Amino acid sequence: MIIKKYKQEFRFIIFILVLSLLWYLSRYIRIDIPALEESLSGFPLILSAVFYILLYVAVTFFIFFSKDLFWITGALLFGPFLSASLICVAELINACILFYMARLLGRGYVQKKLSGKYRALDEKLSGLNLFWLFIFRAAPLVPYRFLDLASGLTGMRFRKYLIAVFLGTPLKMFWIQYIIYAVGKRILDNPIVLMEYLLDHRGLFLISLIYVILVIMVVIKMAKKE
């Protein structure tokens, strides 16, 4: 009877524990990029692509902030366009998993505890139109993991979020993978070369600034009172 009464609280505790465990694991598990690249290159292209997607989904679920390493590995191994396509597939799977994990374990508790201005904020987030969701997915400033989880905690419809994922992710990933591929392995030893590359290619740098401006616009839109 007690469990049934506090079902949402128990689910939310599980949700927090899972996130805490994933954060803890991410501090101690390291990925060897050269070893990963060598292992995948030993398979035919189709198999290595499938294994890359599976590893991307599995590893990035358990290890926070490991996606950058997979982006580098993918660009070096598959080139900018194929790697971006594979990452988009993996991110689509990730979005489904994380969205529904947050929706099933956390949404009930959040909805139960919301009141006043927090309920209004939840309604604003849930009511974001497709254009603004697209900007969030396309902007390199917003980590996908947090966006997937936050969307699941709100009352946002999954179908709308999935469309934003489908449309926005390729724009970001093709842009990032192209830059990583152009810079090459130098980015592993000296991340500053990435900024140097952007400064040498002003068009890409301008796009980055536009992304940031659009994200700021979204933040202002959410903070603005009706």
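The values are calculated or read from the model by the stated rules, or taken from the named source; none is laboratory data. In this text the structure is predicted, and so the values were computed from the model without any measurement. Quick reminder, even Gly has a Cβ in these numbers, built from the backbone with ideal geometry, and neighbours come from all protein chains shown.
Residue count for region 143-170 satisfying the condition of being β-branched (Val, Ile, Thr) and surrounded by fewer than 17 Cβ atoms within 10 Å (Cβ to Cβ): 1. Being modelled with pLDDT of 65 or more, more than 21 Å from LYS67 (Cα to Cα) and exposed (fewer than 15 other Cβ atoms within 10 Å of the Cβ): is that true of LEU130 here? Considered against the rule, which asks whether it is modelled with pLDDT of 65 or more, more than 21 Å from LYS67 (Cα to Cα) and exposed (fewer than 15 other Cβ atoms within 10 Å of the Cβ), LEU130 comes out as yes. Screening the candidates LEU98, LEU55, LEU105 for the property of being buried (at least 16 other Cβ atoms within 10 Å of the Cβ), in a helix (DSSP H, G or I) and at pLDDT 90 or above yields one hit, LEU98.
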